[in-house]
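Visitor: One structure is given below, represented as structure tokens, and several questions about it will come after.
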Amino acid sequence: MVDNQLNKEIGERLRIVRSIFNEGGKLSADQFGFLLGETPDKILNYELGRTSVPLTLIITLYHRGISPIFLLTGEGEIFANNKAGKEFKDKINKRAEAHPTLISEIKKLKIEPKDFSFKTKVIKVAAGKIKK
């Protein structure tokens, strides 16, 4: 029972990560899964707490700039304290300056904009549109 609740909490945080993973723009489960080497069904199962998020995905997200501590516990900054996290945080902040409505969207997620710091890479995706 405790594991199920923990899976749901981690899944909710994974959904938050997906909602800003594209430099502050939301990705579909298909797009997010493609970028992380996971199927859309697995992404949705993780987000709904049906399945535990595997360690390999947590490590992949860390290398993309997401804090494992935030993902597992909800504590600290959402972005990792590594080069990828710092670059992503800078990109989010620049985008927020250019698009003031982004700040209000981030606040709806109940996360302070100062807590963001991600890494992004420009990746061409063959299938699906990535919201810019």
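Readers should treat all values here as calculations from the given coordinates under stated rules, not as data from a laboratory. A quick note: this is a predicted structure, and the numbers were derived from the prediction, not measured. Cβ: placed from backbone, ideal geometry, glycine included. Neighbour counts: every protein chain shown.
Visitor: Return the long-range amide H neighbours of R50 (sequence gap of 5 or more, or a different chain), with a cut-off of under 5 Å between placed amide H atoms.
Guide: Close amide H contacts, sequence-distant or interchain: none at all.
Visitor: Quick check: pseudo-label points 7 Å beyond the Cα along Cα→Cβ at N81 and I59, how many nm apart are they?
Guide: 2.1 nm
Visitor: Highest mean first, how do 27-38, 53-64 rank when packing is the count of other Cβ atoms within 10 Å averaged over residues? Don't jump to the answer; show the numbers that get you there.
Guide: On the way: 27-38: 18.6, 53-64: 15.9.
The densest-packed peptide leads the list: 27-38, 53-64.
Visitor: Within region 1-53, report the trypsin sites (Lys or Arg not before Pro) that DSSP leaves as loop and that have at most 16 other Cβ atoms within 10 Å.
Guide: Values: sites: K8, R13, R15, R18, K26, K42, R50; in loops: K26, R50.
When the trypsin sites (Lys or Arg not before Pro) of region 1-53 are filtered for loop state and at most 16 Cβ neighbours within 10 Å, K26, R50 remain.
Visitor: Could you tell me which of the pairs K26/K89; K26/K83; K8/K42 are separated by over 18 angstrom between their Cα atoms in the structure shown? Write out the running numbers ahead of the final one.
Guide: Working: K26/K89 16 Å; K26/K83 22 Å; K8/K42 14 Å.
Pairs exceeding 18 Å: K26/K83.
Visitor: Next question. Suppose every Lys and Arg Cβ carries +1 and every Asp and Glu Cβ carries -1, with no other charges. What dipole size does region 1-42 come out with about its Cα centre, to the nearest 20 debye? Walk me through the numbers on the way to the answer.
Guide: Working: 6 positive and 7 negative charges, 21 e Å.
Result for region 1-42 is approximately 100 debye, rounded to the nearest 20.
Visitor: K26 versus S52, label points 7 Å from Cα toward the beta carbon: distance in nm?
Guide: Simple spin-label model gives 3.0 nm for this pair.
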